[in-house]
Amino acid sequence: MNNHHKHKLVIRISSLQIDEHSELQWFIFNQHQQLLLKGCDALSAINNALPEAVQASVSIHIIIPNDAVLLARVDIPSRNPRHIKQALPFAIEEFISEELENVHMALPQDLDASHGKIDVAIIKHSLLISWLDLLHHHQLIPQTMVVDTLCIPIEPQHHSVLFEGDKTLLRLGLYHGVCCESVVFNTLYSQVIAAELDENALPLLHCFHSQNSEQSVAIDYQGPQQDSHYQESSSEILAVNMLKQGTANINLLQGGYKQGQDDTNTWLVWRPAAIAAAASVALFVLVHVASASYFSWQAERIQQESVRYYKQLFPNERRVVSPKRQLQNHLRLISSGESGAFLATLAAIAAEFKPYTQSGQIAVKQLAFSQDNGLLRFELSSQTIEQLDSLKQQFSAIGIKAVIGSARAQENTVISNMTVEAQP
């Protein structure tokens, strides 16, 4: 964490589906982890609710619901971090119903592979991307993102439970936690005890009661118990303990989702990269469209090559007889229609952003243009999810609607599919 981050903002996301109007609890701590300020505001209003002094020196940390994540432990007989990461996708297949390419895997920050057991947090790319896109859009760029059950205070060989009305959070170990409805807690916990422990090794069950907790069921547990009552809300308890734990947690923002070191200046850092990427895409399209004149006098010699390029631009066209004539026809049709405005917009991007085309922060891997709906679809390779969001916001600023359809992390890069269209 950077030394200039004198304040820490902890935001709790309590449900899977949120938007800019969702009310979220937030807490501001100083560098000594003392609570300075707290509130509950719509996501879009949180940044404006912070004092200017805090905005200039704050790191952002997000707590997400356990329902969004699968916490698992797998057997990988290796202590080499590189070997562990290579074997991890194969080790988790039995735990997930999704395709591997649709999920993101995160390891503990303090990885201990000495016992051959590896703890891992698994979350869908689509859910993680939707949250990050929403947070970035409102100038909330998180440094860490952790699971709520892993923020409950715990001691070795103990279990901890936090009651939140009709919901109960249960932490069973350093990286093991579950969430359930309060009415089924006794049944769930009995199954945990039966599966993991014997009657002679019952752990101490530490029960946390906050000012907003309403324990709706009596605990049916024969082992030792300890109750702790707090005036603070359950979200504040989680936020305080999350900071207290430090790196002894699983930060989901790893690999391609890892945020920049200087989070407060991220937008300024990646703005040139987004501009350069926009110019690269625009020039790529214009070069291929302009190649129609080139095909007119060299069509015989590069017939197969021209067909291949044509299919890249118009993948939905079933029959390609004469790339030259068909491309000329497309150009004639789009010259006065909505697609003409689209290409004109791209031309303006190329002219304005040309100085940044050599940046290389975002690379175009594939590109396709649909004449039917005037959409440009391309596959991008970037270093972080921040760059994708910056690119999307840059398009929006000049009147182009951009949508990130999907994205996946590969090693230290993010591969994304993006669709853009010209605004009327």
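The values are calculated or read from the model by the stated rules, or taken from the named source; none is laboratory data. Because the structure is a prediction, the values reported are computed rather than measured. Virtual Cβ from ideal backbone geometry, glycine too; neighbours counted across all protein chains shown.
Worth pointing out:
- Among residues of the range 93-113 that are without any contact (Cβ under 8 Å) to a residue 60 or more places away in the chain and more than 15 Å from Leu128 (Cα to Cα), those with a Cβ under 8 angstrom from a residue that is assigned to a strand (DSSP E or B) and small (Gly, Ala, Ser), sequence gap 6+ or separate chain, pair up as Phe95/Ala72.
- Residue under evaluation Ser126, criteria (1) over 30 Å from Asp19 (Cβ atoms); (2) out of contact with any Phe, Trp or Tyr (no Cβ under 9 Å at 6 or more places or on another chain), criterion not met: (1)
- One residue stands out in the range 218-259 among those that are among the charged types (D, E, K, R) and at pLDDT 85 or above: the one that is nearest to Trp131 (Cα to Cα), namely Glu236.
- Positions within the range 14-48 being β-branched (Val, Ile, Thr) and within 19 Å of Glu232 (Cβ to Cβ), in sequence order: Ile28
- Selection within the range 164-176 - surrounded by 23 or more Cβ atoms within 10 Å (Cβ to Cβ) and farther than 18 Å from Gly246 by Cβ: Thr168, Leu169
- Meets criteria (small (Gly, Ala, Ser) and touching a helix residue (DSSP H, G or I) at 6+ places or on another chain (Cβ under 8 Å)) for Gly165: yes
- Screening Asp75 against (1) of a type outside the set (S, T, N, Q); (2) surrounded by 14 or more Cβ atoms within 10 Å (Cβ to Cβ); (3) touching a residue at least 24 places away in the same chain (Cβ under 8 Å) leaves a single unmet condition, (2).
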